[in-house]
Amino acid sequence: MTLTSRERVRRTLRFATPDRVPRCLGTLPWAHQRYPEVIQQLRARFPDDLGGVPSVYRPSPRAHGDWYAVGQYTDEWGCVFENIQAGVHGEVREPIIKELEEWHRMQPPYEILPEDWAAARETVNRACAASPLFLWAACCPRPWERYQFLRGTANAMLDMMDFPIAAQRLLRAIHDFYLKECEFWMRTDVDALFFMDDWGSQRQLLLPPQLWRAIFKPLYRDYCAFAHAHGKFALMHSDGYILEILEDLIEIGVDAINAQIFCMDLAELGRRFKGRITFMGEIDRQHVLTAPDPEVGRRAVRTVAQHLYDPRGGVIAHFEFGPGAQPDTVLVIFEEWQRLDEAAHAGAPG
């Protein structure tokens, strides 16, 4: 039996035995500019099972510039990003809240939300009905990263150490805006809420785990609760080494984690978390996708499957085609997942 993409992903997240591992290719403009033919080939041979819906937000009067072009870009919160490489996004050099006591001058961009919520929901629901894909909402709560964009990373880290009243109020204002977004999107027919924050360095969390649990875990719990209360799944992205908080993410209801699993011990991930949360990739961007030998990519897929694959579900084949990735190595990733799938369903050893 061949499932629709939507049902395939739902079964994977519920550990209800999909017909194969779902696929999701992430691409940056960098890859489209350099390897359009490779992306076209991947899309044709291995169509995605997951995707997004069109945004129904109003244009922001504060935003201008191109997020992925060299130069400056101002987003809908008024944060100014500087980019030195085309095809990727830049960084905030000068935070707009230099003194924490000025936090109240920050105005969340409520003006971009749909003016007519009922009409906007109808637009989204039509897009959902027309697509066989598993679709996530066109919003992405990211309270920690937004706090950094507004305050600068060094200031943000210091704020969290003491967490004065002004910092609490700024973070609350950010979170309240994201909850308002959730209120709109979770009452549409999308399948999931996708939220994110990059929490890991190469070897450890950016904040001590106890601080993370006290300050940010309750925010993510709110997002998961909002999604589940409306029959949606909760998906999260977080780069870096996040082993110390995976148990917490499972506890609060994260259904799938898009993480840099190669920054952690794959064997330990398998022992502790296989069958408890879905791993939405990803293949290592630092050493595997950049390798000129495609066999490195094949071995990486086999390693992920060895530790995390379960025919009941729990794995989504995902990776990001971005700076430095080698096209030949990129192409074999989904080929190898297909081979392993076919071997598993034929009852042969992978």
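The rows are residues; the columns are (1) more than 30 Å from Trp185 (Cβ to Cβ); (2) acidic (Asp, Glu).
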| position | (1), (2) |
| --- | --- |
| Arg221 | no, no |
| Ala227 | no, no |
| Gly240 | no, no |
| Ile257 | no, no |
| Glu268 | yes, yes |
| Arg271 | yes, no |
| Glu282 | no, yes |
| Asp293 | yes, yes |
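Could you tell me which numbered condition Pro208 fails, if it satisfies all but one of (1) crowded, with 18+ Cβ neighbours inside 10 Å; (2) over 22 Å from Val56 (Cβ atoms); (3) not aromatic (Phe, Trp, Tyr)?
(1)
Being open to solvent by less than 50 Å² (accessible area, probe 1.4 Å) and either among the basic types (Lys, Arg) or in contact with a Pro (Cβ under 7 Å, 6 or more places away or on another chain) (or both) is the filter here; which residues of the range 38-56 pass it?
Val38, Asp49, Leu50, Val56
Which number in (1) hydrophobic (A, V, I, L, M, F, W, C); (2) open to solvent by less than 10 Å² (accessible area, probe 1.4 Å); (3) in contact with a Leu (Cβ under 6 Å, 6 or more places away or on another chain) marks the one condition that Trp103 misses?
The single condition Trp103 does not satisfy is (2).
Counting only residues that are in contact (Cβ under 8 Å) with a residue 24 or more places away in the chain, under 26 Å from Glu111 (Cα atoms), in a helix (DSSP H, G or I) and open to solvent by 10 Å² or more (accessible area, probe 1.4 Å), how many does the range 147-170 have?
5
Scanning the range 64-97 for residues that are closer than 18 Å to His32 by Cβ and in contact (Cβ under 8 Å) with a residue 40 or more places away in the chain, which turns out least open to solvent (accessible area, probe 1.4 Å)?
Per the stated criteria, the residue is Gly87.
Out of the helices (runs of 4 or more DSSP H) lying entirely within the range 188-265, which hold 1 or more residues that are within 20 Å of His318 (Cα to Cα)?
Correct list: 243-252.
Quick one: Glu320 ticks every box in (1) part of a helix (DSSP H, G or I); (2) within 15 Å of the chain's Cα centre (by Cα) bar one, so which box is it?
The failed condition is (1).
Output the residue which, of all residues in the range 103-119 that are part of a loop (DSSP other than H, G, I, E, B) and without any contact (Cβ under 8 Å) to a residue 40 or more places away in the chain, is nearest to the chain's Cα centre (by Cα).
Filtering the range 103-119 for residues that are part of a loop (DSSP other than H, G, I, E, B) and without any contact (Cβ under 8 Å) to a residue 40 or more places away in the chain, the one nearest to the chain's Cα centre (by Cα) comes out as Gln107.
The values are calculated or read from the model by the stated rules, or taken from the named source; none is laboratory data. The shown structure was predicted, so the numbers you read here are calculated from the model rather than taken from an experiment. For neighbour counting, all protein chains shown are included, and Cβ atoms are generated from backbone atoms with ideal geometry for every residue, glycine included. Side chains included, ligands, DNA and RNA excluded: accessible areas come from the protein's heavy atoms. Shrake-Rupley method; radii C 1.70, N 1.55, O 1.52, S 1.80 Å.
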